[in-house]
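> Below you'll find the structure I mean.
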Amino acid sequence: MTYIAATATNFPPNYYSQDVLANALYKFCAAMDLDFDLEQIYRFFNNVQIEGRYFTLPLEPIFDQKPSPEATARASIEAALDLFEGAVITLLNRANLTPEQISILASVTLLAAVPPLETRLMNRIPFSPQIKRLPLFGYGCAGGTVGLARVADYLNGYPQDAAVLMVGEMSSALWRGSLQLDLFTMIKQLPNQPELYSDIISTIVTAALFADGTTAVLLVGDEHPLAQSGGPRVVDSGSLILPNTIDLMGMEVADIGFRNILKAEVSEFAAIGVHKVVHQLLEKHQLSISDIDYWIIHPGGPKVIKTIQSEFALADEQVQLSWNTLAKIGNISSGTVIYMLNELMQQQIPNGSYSLMIGMGPGFAQEAVLLKW
């Protein structure tokens, strides 16, 4: 098995209450004199049950300037590197390892950067020039689960190695022009294209959900000195793609920058896919739902949490970690499940306990990782 030796998180300094964010978007749209019921902004921001979120890029300048997609991308990459650098240094310090002792450095993000972020980070942290690199792009909210699974696969083949997985997103970049201009364009076109209404609502819900944050995980093979009982071990993983569902979730490039896609049908398709991937994974190891002691369910939104809870007949306390995470930091996409894992790592988990990590992302993909403590 692969062992999880340490975890770390790092968040930007800007933390905004949900009310502040809703007011900002409302005022911006109201100033454009749009023929649309803007009170829906408050309704959807309230419905997602988030108290506040971290933003890397400050909120205030969106009223004073409209930066180009190029400027926003550049600022996002530099800000992400700052946060990842802090998270990885904290991680290595907790494990008492030097950068040269890491054999593979993996990154999960939606930031389009060439060279990728883990390569750029090598110019800040003295990893070995011979280190293996594994950039994982395009997984969205499923990214943390996928990253954990793929790094574990590598360590099963190289059991003496240590790996660092860094996972995080800069969703506040969407507030630097693209979100506002997207809403402006679609609302202006709405009288002649009423089918755009659902896309407008999707855009508002996206604005209400996503936030920034970075996380990091140290994983080691079972022949590494840090491989020891007491912490979580990656037992196995499972993946499932539902065919013909690529339009449910994702990100596309538009004239105004990046446009996030999140359709209302996500929760119902999640129930179908998660049911299959979870039961296949558990049956493979002769386990049942009742054997899972701790659930790490990506809080994609209230509907997603409620759907998964209903699908597996989970008690309220079994999904409380998802609700607490959603309320405190919102949806930080790929890094959310790693944040939740970090929260569990602070607790005294009895040896022999099982955890199940579940993520959903573009594709439409369902990902699961089985952990044993």
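The values are calculated or read from the model by the stated rules, or taken from the named source; none is laboratory data. Since the structure is predicted, the reported quantities are computational estimates derived from the model, not experimental observations. Note that each Cβ is placed from the backbone with ideal geometry, even for glycine, and that neighbours are counted across all protein chains shown. Surface accessibility is based on the protein's heavy atoms, side chains included, excluding ligands, DNA and RNA. Shrake-Rupley method; radii C 1.70, N 1.55, O 1.52, S 1.80 Å.
> What pairs come out if I take residues in region 151-179 that are of a type in the set (Phe, Trp, Tyr) and pair them with residues that are modelled with pLDDT of 95 or more and not in a strand (DSSP E or B) whose C-beta lies under 7 Å away, six or more apart or interchain?
Listed by first residue and then by second, the contacts come to Tyr158/Ser103; Tyr158/Gly221.
> Which one is nearest to Phe11 (Cα to Cα) among residues in region 202-238 that are out of contact with any helix residue (DSSP H, G or I) (no Cβ under 9 Å at 6 or more places or on another chain) and open to solvent by less than 30 Å² (accessible area, probe 1.4 Å)?
Ranking the candidates gives Ser202 first.
> Could you grab me the full set of residues in region 32-58 that are of a type in the set (D, E, K, R) and open to solvent by 30 Å² or more (accessible area, probe 1.4 Å)?
Asp33, Asp35, Asp37, Glu39, Arg43, Glu51
> Could you tell me whether any residue of region 114-125 is among the hydroxyl-bearing types (Ser, Thr, Tyr) and at pLDDT below 90?
no
> For region 114-137, what are the residues that are touching a residue at least 40 places away in the same chain (Cβ under 8 Å), of a type outside the set (D, E, K, R) and assigned to a loop (DSSP other than H, G, I, E, B)?
Passing the criteria: only Ile125.
> Is there a residue being modelled with pLDDT of 85 or more, at positive phi and surrounded by fewer than 18 Cβ atoms within 10 Å (Cβ to Cβ) anywhere in region 8-31?
No, region 8-31 has no match at all.
> How many of the residues in region 307-338 are in a helix (DSSP H, G or I) and either in contact with a Leu (Cβ under 9 Å, 6 or more places away or on another chain) or open to solvent by less than 10 Å² (accessible area, probe 1.4 Å) (or both)?
Residues in region 307-338 being in a helix (DSSP H, G or I) and either in contact with a Leu (Cβ under 9 Å, 6 or more places away or on another chain) or open to solvent by less than 10 Å² (accessible area, probe 1.4 Å) (or both): 13 in total.
> Residue by residue through region 354-372, note down the ones that are open to solvent by 10 Å² or more (accessible area, probe 1.4 Å) and at pLDDT 95 or above.
Passing the criteria: Tyr354, Lys372.
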